[in-house]
Amino acid sequence: MTLILVTDRDGTPHNLDAGDGDSLMVALRDAGLSVEGICGGNLSCGTCHIHVQNATQGQLPPVSADEAALLADLPDVVPQSRLSCQIPVTPALAGLAIVVAPD
Ligand code: FES
């Protein structure tokens, strides 16, 4: 399990114990933190949008062209936007802080 700091859409902070090997989307969805992940991680819905607060260089996988293309169509995109379905949970994410993007 990897501890990730999550702020939900109401601004409430949570300590999320995410299962290694899942995607971050699955961990957020299963914890009931307002991430729907409707497409199951197939890069077609954007309902797993998060804003990353504190990633260090190399901590997250790079943004693929397909992820960037979908992000470009979403509202409330910021430079720190990611699709959580594209981020595998590994121990390297320990201490990561994210905010669930607005609906
Ligand atoms: S779950 Fe649909 S784009 Fe991430």
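Since every read-out is calculated from the coordinates, none of them should be taken as a lab result. Given the structure is predicted, the values throughout are model-derived calculations rather than measurements. Counting neighbours? That spans all protein chains shown, and the Cβs are built from the backbone with ideal geometry, glycine included.
The figures follow:
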{"read-out": "Debye-sum result for the chain in log10 I(q)/I(0), which assumes one identical scatterer on each alpha carbon, at q = 0.16 Å⁻¹", "value": "-0.59"}
{"read-out": "Check: region 1-89 dipole with +1 on Lys, Arg Cβ and -1 on Asp, Glu Cβ, in debye", "value": "120 debye"}
{"read-out": "Cβ-based net charge around Met25, under 14 Å, with every Lys or Arg adding one and every Asp or Glu removing one", "value": "-2"}
{"read-out": "Full-extension gain in nm, Met1 to Ala69, via 0.36 nm per residue minus C-alpha separation", "value": "21.4 nm"}
{"read-out": "Protection proxy ranking of 56-63, 96-103, 12-19 - average other beta-carbon atoms within 10 Å, highest first", "value": "96-103, 12-19, 56-63"}
{"read-out": "Under-5 Å amide H pairs with Ile87, H placed in peptide plane, nonlocal only", "value": "Leu24, Met25"}
{"read-out": "³J(HN,Hα), Karplus 6.51/-1.76/1.60, whole Hz, each residue of region 32-39, x for Gly, Pro", "value": "x, 9, 6, 9, 8, x, 4, 8"}
{"read-out": "Estimated 222 nm signal from helices in the chain, with DSSP H stretches of n ≥ 4 weighted -39500 (n - 2.57), rounded to 500", "value": "-3500 deg cm²/dmol"}
{"read-out": "Percentage relative contact order, the chain, counting C-alpha pairs under 8 Å, at least six apart", "value": "41 percent"}
{"read-out": "Residues in region 52-91 reached by a label modelled at Asp22 [backbone nitrogen below 12 Å; 7 Å Cα→Cβ]", "value": "89-90"}
{"read-out": "Residue order, fewest to most beta carbons within 10 Å, for Ser84, Ser34, Ser23", "value": "Ser34, Ser23, Ser84"}
